[in-house]
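The values are calculated or read from the model by the stated rules, or taken from the named source; none is laboratory data. All values derive from a computational prediction rather than experimental measurement. When we count neighbours, we look across all protein chains shown, and the Cβ atoms used for this are built from the backbone with ideal geometry, even at glycine. Heavy atoms of the whole protein, side chains included, go into the accessibility calculation; ligands, DNA and RNA do not. Shrake-Rupley method; radii C 1.70, N 1.55, O 1.52, S 1.80 Å.
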Amino acid sequence: MTSHTAIVARSLNVPAVVATHNARQLIRDSEMLIVDGQSGVVIINPDRAVLAEYRLKQSELDLERQKLKRLRSKPAETIDGVRVELFANIELPDDVSQVLENGATGIGLFRSEFLFLNREGLPTEDEQFEAYRAVAAGVNGLPVTIRTFDLGADKHKEGLDGLSRVAPNPALGLRAIRFCLAEPRLFLTQLRAILRASHYGRVRILIPMLASSSEIDQALLLIEQAKESLREQNVPFNARIEVGGMIEIPAAVLAMGTFCSKLDFLSIGTNDLIQYTLAVDRADEAVSHLYDPLHPAVLRLLALAIGTANKAKVSIAVCGEMAGEVQMTRLLLGLGLRNYSMHPAHLLTVKQRVLTSEVAAIRPHVDRIRRADDPLKIAAMLEKLNAL
Ligand code: PEP
Ligand code: MG
């Protein structure tokens, strides 16, 4: 669900089922398939009854989506008046139309590394600038959070020396900000492009995979260097651009003080936070049954991260897949989350859940969930919370 292949499929609105063993032996050319991404089922050559059932399901889904469209411009506010920001995640500039169609109030995560993938060579500063400017200028003044590129692990780019060596453990290796700090020239090119785009909209910079205070310092220093080089060339940019950090590593949550004091905003990448907390590779289906967003350790880290940031009055969002799962909306609200960033297709469903929730009623349930250790009890309590 959180592998980058799955994320891209979602971004392209392609129904997808992953890890279907022997599919290539079982399926022949020109056969009709039903790909049911919701229940993870592929049906080969469905008979008439099954086909009719799925056609009905499909039109019900379309109808549901149409109905949700009515909520598009309604502010996301709970019954007891708590305002929530629902931002969108995008992978490519073309995704902007979906952001607007679904009434997002900002872009919380632009995964800029997708500009680097599926192409020969690297995008130049001008190419990157054009892509960032198009997004910044295309969202009618909404905030646009551009994450500096997160290459490495399962987002492999041919031809980049630091990434092409065979790393014994790529998810723990030279990835994201670690790679950027090892290749400052590539990083500076991107930073200049982002800063140039900041002149055309409300652009913010988000740094992935930070674990330590020295990485924050180095990243901030390079941002200053990029600003200085633009100043020397009289290129306009927003000198007060906000810089945020992703909370994706348990160490970052446990040392949040530094993050709160050095950065303007934070965003929790639950996809990685869960992977690193539970030591479960998010792209390895052999251990996908162990990937559990409701693991008590994950819930405690989330509670700690959100609580610490709220206390320090530093804005914090969740931008991992968890933010777009409607089963998690109330749980996150009860933990104090007020900013969600998700794939635009989930946005109105989550908004509907926010509109029918009451924070005061949710809190005691979430407090109980936070204290629980038994996964079965947690699942039952979550069900109760969602039935309120
Ligand atoms: C995350 O880790 O939750 C996240 C949003 O970043 P990505 O999925 O691109 O690693
Ligand atoms: Mg991540």
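Near K69, which aspartates and glutamates are there with a Cα under 19 Å away, not counting those fewer than 8 places off in the same chain?
Straight-distance partners of K69: E60, E77, E85, D95, E101, E325.
Just want to confirm a number: the relative contact order over region 266-388, from Cα pairs under 8 angstrom separated by 6+ residues, in percent. Could the numbers behind the result be given before it?
Values: 144 pairs, mean separation 31.4, N = 123.
After rounding, I find 26 percent.
When you take every Cα atom in the chain, what is the radius of gyration, and what is Dmax, the widest Cα pair distance, in Å?
Looking at the chain, its Cα Rg and Dmax stand at 21.3, 69 Å.
Tally the DSSP beta bridges in region 245-388 and give the antiparallel ones as a percent, rounded to 5.
Here the share of antiparallel DSSP bridges comes out near 0 percent.
What length, rounded to one decimal in nm, is gained on full extension from L63 through to R119, with 0.36 nm per residue of separation minus their alpha-carbon distance?
16.4 nm
In the chain, what percentage of the DSSP-assigned beta bridges are antiparallel, given to the nearest 5? Don't jump to the answer; show the numbers that get you there.
Details: 6 of 34 bridges.
Close to 20 percent.
If contacts are Cα pairs under 8 angstrom and at least 6 residues apart, what is the relative contact order of the chain in percent?
In percent, rounded to a whole number, it is 17.
Let's see if you can work this out: charge +1 on each Lys and Arg Cβ, -1 on each Asp and Glu Cβ, no other charges. What is the dipole magnitude of region 229-388 about its Cα centre, in debye to the nearest 20?
About 780 debye.
For region 1-99, which whole percent of the accessible surface, found with a 1.4 angstrom probe, sits on carbon and sulfur atoms?
Carbon with sulfur: 52 percent of the solvent-accessible area.
What is the gain in length, in nm to one decimal, between K74 and V14 on full extension, counting 0.36 nm per residue of separation less the C-alpha to C-alpha distance?
Full extension from K74 to V14 adds 18.8 nm.
Rounded to the nearest whole Å², what accessible area per residue is found for region 170-232 with the 1.4 Å probe?
Heavy-atom accessible area per residue stands at 40 Å².
Leaving out same-chain residues fewer than 8 places away, which lysines sit with a Cα under 27 Å from that of K311?
Output for K311: K262, K351.
Choose one of V135, G108, T148: the residue whose Cα lies farthest towards the positive end of the charge dipole of region 94-150 (beta-carbon charges +1 Lys, Arg; -1 Asp, Glu; about the Cα centre).
G108
To check you understand DSSP bridge types, tell me what percent of the beta bridges within region 184-276 (both residues inside) are antiparallel, rounded to 5.
So the antiparallel bridges amount to about 0 percent of the total.
Taking 28 Å as the cut-off for C-alpha to C-alpha distance, list the pairs among K57/K377; K74/K313; K313/K384 that go past it. Walk me through the numbers before you get to the answer.
Numbers: K57/K377 32 Å; K74/K313 26 Å; K313/K384 31 Å.
Distance filter (> 28 Å) returns K57/K377; K313/K384.
Roughly how many nanometres apart are two label points built 7 Å out from the Cα toward the Cβ at H21 and A167?
Between H21 and A167, the label points sit 3.0 nm apart.
For region 310-388, which whole-number percentage of the solvent-accessible area (1.4 Å probe, protein heavy atoms only) is attributable to carbon and sulfur atoms?
Roughly 54 percent, rounded to a whole number.
On the principal axes of its Cα set, how long, how wide and how thick is region 128-262? Give whole Å, largest value first.
43, 38, 29
Looking at the chain, identify the longest residue range that excludes and avoids all GluC sites (Glu not before Pro) in DSSP loops having at most 10 other Cβ atoms within 10 Å. Mind dumping the intermediate values first?
On the way: sites that count: E31, E120, E158.
By the stated rule (loop sites, at most 10 other Cβ atoms within 10 Å), 159-388.
Output the relative contact order of region 140-220, whole-number percent, from Cα pairs under 8 angstrom with separation of 6+ residues.
43
According to the square roots a ≥ b ≥ c of the eigenvalues of the Cα gyration tensor, what is the shape class of region 243-388, taking rounded for a/c under 1.5, prolate for a/b larger than b/c otherwise, and oblate for the remainder? Write down the numbers at each step before the final one.
Values: a/c = 1.37, a/b = 1.11, b/c = 1.23.
Note, shape of region 243-388 comes out rounded.
Compute the Cα gyration tensor for region 20-176, then decide on rounded, prolate or oblate, letting a ≥ b ≥ c be the square roots of its eigenvalues: rounded whenever a/c is under 1.5, prolate when a/b is larger than b/c in the other cases, and oblate in all that remain.
It comes out oblate by the Cα gyration axes.
When the Cα centres of region 233-304 and region 139-199 are compared, how far apart do they sit, in Å?
16
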